[in-house]
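The values are calculated or read from the model by the stated rules, or taken from the named source; none is laboratory data. Given the structure is predicted, the values throughout are model-derived calculations rather than measurements. All Cβ positions, glycine included, derive from the backbone under ideal geometry; neighbour counts span all protein chains shown.
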Amino acid sequence: MMKKISLKDIASQVGVSTALVSYVLNNQKEGRINKEVAQKIRDTAKRLNYRTNQVAKSLKTNKTYTIGLIVADISNPFFSSLARIIEDEADQNNYTVIFGSSDESPAKSEKLMETLINRQVDGLIIAPPQNSESQIKYLIEQDIPFVLIDRYFPGIETNFVAIDNYKAAYTAVQHFIDIGRKRIGMITYESSIFNLNERTRGYLSAMKENEIPFQKNWLKELSANNTKQCIENAINELLVDPQPIDALLFSSNIFAGWGLKHINSLDIKVPDQLAIISFDESEALDLFYAPLTYIKQPLQEMGQAAIKILLQRIGKNIKLAQVSMEARLIVRDSTIGQSELA
């Protein structure tokens, strides 16, 4: 077995004290230390393949320099992009991120949370599933640093970073109306999650304020466990009416991906017969013949804000930070046809 290199080994080769080696390698300010000596210490440590004793470092600093991130589904392009931004931002602050997917299950979310806490992460960033309020309250009671991202519970005072989902959905529906669409459908999740309910509220408010009579069968609320067949059935119901919908808002890119495949099989012309908008971008959606108009969430800013707030909380800053950001409507071919462009 290869001998583990110690600070003493590096000090012996460079000809300095062990304390000086520790001082330099722990990235503290060099002050009056000779820069050539400091560089020689780092070069020697690299040549000898020195590895920091993280256990000893954690005991000394009372930190593990790890962050736990729990999202709904890391394979979802929205969450995978957000996770990468958080990982890069954490790395800039010398932190490592440990990922987990809750699959929208409160039980799995609780298990992940317990595992990460037992691993002594310094803090958590969480996109909580519905019915997980008790878990969030537990974190507050235990004074564990955390930030909610994308979703939050209005009845619980917590740090969070999210978008104004009401305004985003309202803007999307207003765009449909501005291009002359009046029979506007929506496919969303049947859920108690606040951000999704706000999207539905924005949809309904835009219809009401523009004096468009809403029909209940235009709103399709599907459970998180629904299959592609359920999406297809919902679209069939929206299009079978003697006066079918002429615009459709998807509340997630997952629903949009499944829905576009079925719409394409029905030979529905987009946007001439049906204008479409989806929440969140996805490379897969770009493969559709009419590039999709979508609601772009500020992922970069969200990830950066979440890390900043969490590190402040780890640093014992107890001031509440609740950040609501604005999304942007990116207008493309699925809502702007030749007639609208003329």
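Restricting to region 276-297, and then to whatever is under 25 Å from GLU198 (Cβ atoms) and of a type in the set (Phe, Trp, Tyr), can you tell me which residue is nearest to the chain's Cα centre (by Cα)?
PHE279
Of the residues screened, ALA56 is not one that is modelled with pLDDT of 90 or more and either of a type in the set (S, T, N, Q) or closer than 26 Å to ILE144 by Cα (or both). Restricting ILE212, ILE179, ILE193, ILE163 to those that are under 24 Å from ALA327 (Cβ atoms), surrounded by fewer than 21 Cβ atoms within 10 Å (Cβ to Cβ), touching a residue at least 40 places away in the same chain (Cβ under 8 Å) and not charged (D, E, K, R) reduces the list to ILE179.
Scanning region 276-289 for residues that are surrounded by 21 or more Cβ atoms within 10 Å (Cβ to Cβ) and either out of contact with any strand residue (DSSP E or B) (no Cβ under 7 Å at 6 or more places or on another chain) or polar (S, T, N, Q) (or both) turns up just one, SER278. Of the residues making up region 227-258, those that are within 18 Å of ARG199 (Cα to Cα) and hydroxyl-bearing (Ser, Thr, Tyr) number 2.
Out of region 305-336, which residues are over 14 Å from PHE160 (Cβ atoms) and in a loop (DSSP other than H, G, I, E, B)? Passing the criteria: GLY315, LYS316, ASN317, ILE318, GLU326, ALA327, VAL331, ARG332, ASP333, SER334, THR335, ILE336. Checking each residue in region 104-122 for being surrounded by 17 or more Cβ atoms within 10 Å (Cβ to Cβ) and at positive phi picks out only GLU104. Restricting region 209-225 to residues that are touching a strand residue (DSSP E or B) at 6+ places or on another chain (Cβ under 8 Å) and either at pLDDT 95 or above or not small (Gly, Ala, Ser) (or both), the residue that is farthest from ASN76 (Cα to Cα) is ILE212.
Of all residues in region 310-334, those that are touching a residue at least 24 places away in the same chain (Cβ under 8 Å) have Cβ atoms under 8 Å from Cβ atoms of residues that are among the acidic types (Asp, Glu) and loosely packed, with under 13 Cβ neighbours inside 10 Å, 6 or more apart or on another chain, in LEU320/GLU157. Hey, can you tell me all the residues within region 277-304 that are farther than 17 Å from VAL331 by Cβ and in contact with a Pro (Cβ under 9 Å, 6 or more places away or on another chain)? GLU283, ALA284, listed by residue number. Somewhere in region 256-275, is a residue farther than 23 Å from GLU104 by Cα, within 20 Å of the chain's Cα centre (by Cα) and surrounded by fewer than 15 Cβ atoms within 10 Å (Cβ to Cβ)? Scanning region 256-275 turns up no residue that is farther than 23 Å from GLU104 by Cα, within 20 Å of the chain's Cα centre (by Cα) and surrounded by fewer than 15 Cβ atoms within 10 Å (Cβ to Cβ).
Wholly within region 120-193, which strands (runs of 3 or more DSSP E) include no fewer than the required count, namely at least 1 residues that are under 21 Å from SER205 (Cβ atoms) and at pLDDT 95 or above?
160-163, 184-189
The one condition from (1) in a loop (DSSP other than H, G, I, E, B); (2) closer than 30 Å to PHE160 by Cα; (3) in contact with a strand residue (DSSP E or B) (Cβ under 8 Å, 6 or more places away or on another chain) that ARG199 does not meet is (1).
Every residue, every condition in (1) among the aliphatic types (A, V, I, L, M); (2) free of Cβ contacts under 8 Å to residues at least 60 places away in the same chain; (3) surrounded by fewer than 22 Cβ atoms within 10 Å (Cβ to Cβ), yes or no:
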{"residue": "THR64", "(1), (2), (3)": "no, yes, yes"}
{"residue": "ILE70", "(1), (2), (3)": "yes, yes, no"}
{"residue": "SER81", "(1), (2), (3)": "no, no, yes"}
{"residue": "ALA90", "(1), (2), (3)": "yes, no, no"}
{"residue": "PHE99", "(1), (2), (3)": "no, yes, yes"}
{"residue": "ILE126", "(1), (2), (3)": "yes, yes, no"}
{"residue": "PRO129", "(1), (2), (3)": "no, no, no"}
{"residue": "TYR138", "(1), (2), (3)": "no, yes, yes"}
{"residue": "GLN174", "(1), (2), (3)": "no, yes, yes"}
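Restricting attention to region 73-122, the residues that are of a type in the set (Gly, Ala, Ser) and either outside the structural domain of SER134 (by TED's automatic domain parsing) or within 19 Å of LEU310 (Cβ to Cβ) (or both) add up to 6.
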